[in-house]
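Taking it in order: structure first as structure tokens, then the write-up.
The values are calculated or read from the model by the stated rules, or taken from the named source; none is laboratory data. Quantities reported herein were computed from a predicted structural model and do not represent experimental measurements. Please note: Cβ atoms are built from the backbone with ideal geometry, for glycine as well, and neighbour counts cover all protein chains shown.
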């Protein structure tokens, strides 16, 4: 699963959920869709990852999670609130799309994105960061939660 980056997994999950929704006739629970809320969540979902990407560029470190090493441990910006702002943005994006569309199978996508990042990608990255940055990373982990 590490061969494909999380944004690709997010796209795959959204497309599979859309296919399932289509196959089931777009079943919608009462009160959904809520297009405005979904659109706002989709828009807000881009803020943490873009902010994080800009910080990585400024620090001159790699954004690719499977890179052998990173040049810097970034703890500023959105990383003060969550150790995974890029992944939080992906989960929020999938949730926003699900709320926007309103079909209940679409809600499988944000759950799948969370599960894949939380139990596959993040443990791999955390182990790499711990090996590379040691006590500095452990201190950061003690101060900032994995998610929000």
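Descriptive notes on the structure:
- Selection status of residue 28, in a loop (DSSP other than H, G, I, E, B), closer than 19 Å to residue 111 by Cα and either touching a strand residue (DSSP E or B) at 6+ places or on another chain (Cβ under 8 Å) or at pLDDT below 95 (or both): yes
- One residue stands out among those in the range 1-25 that are part of a helix (DSSP H, G or I) and in contact with a helix residue (DSSP H, G or I) (Cβ under 6 Å, 6 or more places away or on another chain): the one that is surrounded by the fewest Cβ atoms within 10 Å (Cβ to Cβ), which is 20.
- Residue check for residue 76: touching a residue at least 12 places away in the same chain (Cβ under 8 Å) and surrounded by fewer than 20 Cβ atoms within 10 Å (Cβ to Cβ): yes
- Some residue of the range 49-71 being under 22 Å from residue 137 (Cα atoms), loosely packed, with under 15 Cβ neighbours inside 10 Å, in contact with a helix residue (DSSP H, G or I) (Cβ under 7 Å, 6 or more places away or on another chain) and in contact (Cβ under 8 Å) with a residue 40 or more places away in the chain: yes
- Look at (1) assigned to a helix (DSSP H, G or I); (2) touching a residue at least 60 places away in the same chain (Cβ under 8 Å); (3) crowded, with 19+ Cβ neighbours inside 10 Å and you find that residue 83 fails only one, number (1).
- Residue-level check: of (1) assigned to a loop (DSSP other than H, G, I, E, B); (2) over 22 Å from residue 93 (Cα atoms), residue 58 misses just (1).
- Filter result for residue 92 (under 18 Å from the mean Cα position of the chain (by Cα) and either more than 22 Å from residue 4 (Cα to Cα) or surrounded by 14 or more Cβ atoms within 10 Å (Cβ to Cβ) (or both)): yes
- Every residue from the range 26-45 that is closer than 30 Å to residue 123 by Cα and surrounded by 15 or more Cβ atoms within 10 Å (Cβ to Cβ): 38, 41, 42, 45
- Beta carbons closer than 6 Å, at least 6 apart along the sequence or on distinct chains, never pair a first residue in the range 89-114 that is on the phi > 0 side of the Ramachandran plot and free of Cβ contacts under 8 Å to residues at least 24 places away in the same chain with a second that is outside any helix (DSSP H, G or I) and surrounded by fewer than 22 Cβ atoms within 10 Å (Cβ to Cβ).
- The residues listed here are 93, 36; of these, the one that is modelled with pLDDT under 95, part of a helix (DSSP H, G or I) and more than 28 Å from residue 133 (Cβ to Cβ) is 36.
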